[in-house]
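J.: Before we start, here is the structure in question, set down as structure tokens.
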């Protein structure tokens, strides 16, 4: 029979404070332009740290068996692997197939509104 672990209040409060600090850092980083690739990597890194804190303390994986930790980590590994393939597809699509970047002279069926709210 599995035993339950009671998380100390000090650990809960510390984790909550760390999550608030990381959220503030995430908001502050949005005001700095590091380029699209580095901004995305930094945002995903901070989100990964926050997810690790939530999983380890609030979901008590820190005190759980190694099998459950392995299952959670492998799930994140597969999500990261799929994200890498999607990001690589978008990043290098135009260099592999130049036709993807062409517009073919098509016009948008949506007409811009020129006189405020009244478009009639």
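J.: Work out the FRET efficiency for residue 68 and residue 12 from their Cβ-Cβ distance, taking R0 = 22 Å, and round it to the nearest 0.05.
T.: Working: r = 20 Å, r/R0 = 0.90.
So, using R0 = 22 Å, E works out to roughly 0.65.
J.: If each of residue 4 and residue 87 carries a label point 7 Å out from its Cα toward its Cβ, how far apart are those two points in nm?
T.: Result for the modelled spin labels: 3.9 nm.
J.: Still on this structure, please answer the following. Sort 114, 23 so that the residue with the fewest other Cβ atoms within 10 Å of its own Cβ comes first and the one with the most comes last.
T.: By the 10 Å Cβ count, ascending, the order reads 114, 23.
J.: If each residue of separation counts as 0.36 nm, what is the full-extension length gain between residue 46 and residue 27 once their alpha-carbon separation is subtracted? Don't skip to the answer; put the middle values down first.
T.: Numbers: separation 19, 0.36 × 19 = 6.84 nm, distance 1.08 nm.
Stretched fully, the residue 46-residue 27 segment lengthens by 5.8 nm.
J.: Okay, moving on. Want the number for residue 80 to residue 113: 0.36 nm per residue separation, take away the alpha-carbon distance, what's left?
T.: On the way: separation 33, 0.36 × 33 = 11.88 nm, distance 4.18 nm.
So the chain would gain 7.7 nm between residue 80 and residue 113.
Quick note: the coordinates plus some simple rules give every number you see, no bench work behind them. On a predicted model such as this, the values are computed, not experimentally measured, just so you know. Methodologically, a virtual Cβ is constructed for each residue, glycine included, from the backbone with ideal geometry; neighbour enumeration extends over all protein chains shown.
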